[in-house]
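I have placed the structure first, in the form of structure tokens, so that the comments after it can refer back to it.
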Amino acid sequence: MKPQLPDGIVAIVKRECATCVMVDPLFAHIAASGASLTVYTQDDPTFPASVAALHDADLSVSWHYDIETVPTLMRIENGVEVDRTFGWSKDAWQKFTGIADLGADLPVMRPGCGSLSVDPNLEDELRVRFTSSTLHSRHVELASAEDEFESMFIRGWTDGLPVIPPTPERVLRMLTGTIRNPQEVVAIAPPNLVQLTVEKIAINAVMAGALPEYLPWIITALEAVCNDEFNMHGVLATTMPVGPVIICNGPGTQAIGMNSGVNVFGQGNRANLTIGRAVQLTIRNVGGGKPGEVDRATHGNPGKLSFCFAEDEAGSPFGTLAEERGIAPQQNAVTVFAGEGPRCVVDQAARTPEQLTNSFAACLRATHHPKSVLSFDAILVVSPDHSRVFAEAGWGRERLLSELHARLQIPGAELVRGALDMAEGLPAKFADRTVPKFKARGILLAHAGGGAGLFSSVIGGWANGAMGSTPVTRPVLS
Amino acid sequence: MSASILLDPTNESRPAQREQLARPASVKGLTVGLLDIVKARGDIYLNRLEELFVAEGAKVLRFRKPTFTKPAPPDLRHEISIQCNVVIEALAD
């Protein structure tokens, strides 16, 4: 609980700080002026020498009043802080105290020192001391001989890889990544329809290995998958090999160090991998969606551990996926898509946009089955080497998509059951019609990948629309 | 290794345990609900089941989920529970 401070001037100091030592005699001067002065010392209870001080031994005053620098002077009126100055500034201290000659012989200005309450070595401990009551999750106490990593495997909390132990210190540190209340319910998590709190997300984000600055992205991705539109329940339960593919946009992707370049779908980038992993761990642990239980995938895919990447916006001739989906420029956003693993499109010979579009269309045609139409969406991730071909020809997103759709109008004769000697297919009545491979907005276009390589990538989707899953885009809020 | 405290990452709930109803000795006179989850050819399977149940003297009611990818809506589950003595859900493919 926040301690109540006495009215008058309150000073926070520590002996370890040279500026505090320098201003020590001034406290006697302030007290002698008749002002009501209370001094709290953070380290040495005998400091300052010029007046008696209270020892802020547990740093409760310093923590609750957000003291970042010592010395700090606060003015308290009727129990409320109304003014503050920190460090030494002759002018500021004289005005603050109303003593015209205060510290007349001292230098004009001297910066203060870091408060003990923001010492990186103490901060986690203090956060637990003063804010752990905001956490509601059950404490699981491990025995001293218990291996914490093995115990988490045994409890079924992991995705098959080791996880970081979610101690109160780590979870509270994770929660500094958001301004949301830990008990805020951000979504109803399938399959067990559980109220999903910020706290539970933070716990799973710690386990995934995420940093606090990733937390808003993780929360947003979970909001985006936990709704009827995306249908995370169905994505989990299906026998098809799909999971949430998370595409991140906005300047924040660079601020948190996401990868949109070399090996963009692969290993090696903490933000990409742990954001996606935290989403899946949360669905597993809070929602209760586990393989072999509600998750009935025949094969699954390695991306169900984590499949998250940033778009290469600076190099894209197509604008951004988020903007295409209604998000304002420069707004951080997350798009979720129920997708399988990426498959490579190789074309090292095309030098015109038409040739390259032909290759893309032929590969997109094979998504899930060459005779499957309209049931599945896909993401086409164009690499910088391939996008250059379109940029040089002046093709943007709209042109490329319309040219792709034009090439993906399939004669029904190729699609009906038995055609091409394949039983799979449409009823015979479609034989004389032309059927599009994709719905009008069924191809999502993204730009990512390393700067060298004439390859692009197709990520096939799952049952689309109201019958299955619709991609969802949400702005990332702090 | 030292003792440590971890925060529970799960929803901290336990599924309710429910007793299974006893299997009826006969379906004669019972109302049997057949829930089509609308996967391909599920109807073929259910049509055949309906014939067999009717031949055994049961009354058959047919129900359909809006899509196989989502859980049956609560209203549909409620309808089945008040109209039927037993229910069969056709799976898939």
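The values are calculated or read from the model by the stated rules, or taken from the named source; none is laboratory data. Fair warning: this is a prediction, and the values are worked out from it, not measured in the lab. Methodologically, a virtual Cβ is constructed for each residue, glycine included, from the backbone with ideal geometry; neighbour enumeration extends over all protein chains shown.
See the values below:
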item	result
Identity of the residue in the stretch A:61-84, surrounded by fewer than 17 Cβ atoms within 10 Å (Cβ to Cβ) and in contact with a Lys or Arg (Cβ under 6 Å, 6 or more places away or on another chain), that ends up nearest to A:Gly112 (Cα to Cα)	A:Asp83
Unmet requirement for B:Thr10, which otherwise passes all of (1) touching a helix residue (DSSP H, G or I) at 6+ places or on another chain (Cβ under 8 Å); (2) within 14 Å of chain A (Cβ to nearest Cβ); (3) in contact (Cβ under 8 Å) with a residue 12 or more places away in the chain	(3)
Any hit, the stretch A:280-291, residues being part of a loop (DSSP other than H, G, I, E, B) and either away from chain B (no Cβ under 14 Å) or in contact with a strand residue (DSSP E or B) (Cβ under 8 Å, 6 or more places away or on another chain) (or both)	yes
Residue check, A:Pro162 in a loop (DSSP other than H, G, I, E, B) and within 11 Å of chain B (Cβ to nearest Cβ)	no
Hits in the stretch A:383-427 (condition: assigned to a strand (DSSP E or B) and touching a helix residue (DSSP H, G or I) at 6+ places or on another chain (Cβ under 9 Å))	A:Ile410, A:Val416, A:Leu426
Some residue of the stretch B:57-72 being assigned to a helix (DSSP H, G or I), free of Cβ contacts under 8 Å to residues at least 60 places away in the same chain and touching a strand residue (DSSP E or B) at 6+ places or on another chain (Cβ under 8 Å)	no
Any chance A:Val262 is assigned to a helix (DSSP H, G or I) and either within 12 Å of the chain's Cα centre (by Cα) or within 22 Å of A:Pro302 (Cα to Cα) (or both)	no
Residue check, A:Leu172 assigned by TED's automatic domain parsing to the domain that holds A:Gly252, hydrophobic (A, V, I, L, M, F, W, C) and either free of Cβ contacts under 8 Å to residues at least 12 places away in the same chain or surrounded by fewer than 14 Cβ atoms within 10 Å (Cβ to Cβ) (or both)	no
Hey, A:Gly266 more than 14 Å from every other protein chain (Cβ to nearest Cβ), under 20 Å from A:Thr178 (Cα atoms) and surrounded by fewer than 23 Cβ atoms within 10 Å (Cβ to Cβ) or not	no
Any hit, the stretch B:35-47, residues being surrounded by fewer than 17 Cβ atoms within 10 Å (Cβ to Cβ), at pLDDT 95 or above and in contact with a strand residue (DSSP E or B) (Cβ under 7 Å, 6 or more places away or on another chain)	no
Residue in the stretch A:191-210 that is away from chain B (no Cβ under 14 Å), part of a helix (DSSP H, G or I), in contact with a Lys or Arg (Cβ under 9 Å, 6 or more places away or on another chain) and surrounded by 21 or more Cβ atoms within 10 Å (Cβ to Cβ) present	no
Residue within the stretch B:15-28 that is over 20 Å from B:Ser81 (Cα atoms), within 14 Å of another protein chain (Cβ to nearest Cβ), surrounded by 10 or more Cβ atoms within 10 Å (Cβ to Cβ) and modelled with pLDDT under 90 present	no
Unique residue being assigned to a loop (DSSP other than H, G, I, E, B) and of a type in the set (A, V, I, L, M, F, W, C) when the list is B:Leu76, B:Leu21, B:Leu52	B:Leu21
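A quick yes/no check of all residues on (1) touching a helix residue (DSSP H, G or I) at 6+ places or on another chain (Cβ under 6 Å); (2) of a type in the set (S, T, N, Q); (3) on the phi > 0 side of the Ramachandran plot:
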residue: A:Glu293; (1), (2), (3): no, no, no
residue: A:Lys304; (1), (2), (3): no, no, no
residue: A:Gly339; (1), (2), (3): no, no, no
residue: A:Val345; (1), (2), (3): yes, no, no
residue: A:Asn358; (1), (2), (3): no, yes, no
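Every residue, every condition in (1) hydrophobic (A, V, I, L, M, F, W, C); (2) not in a loop (DSSP other than H, G, I, E, B), yes or no:
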site: A:Glu293; (1), (2): no, no
site: A:Ser306; (1), (2): no, no
site: A:Glu323; (1), (2): no, yes
site: A:Val336; (1), (2): yes, yes
site: A:Arg343; (1), (2): no, yes
site: A:Gln348; (1), (2): no, no
site: A:Arg351; (1), (2): no, no
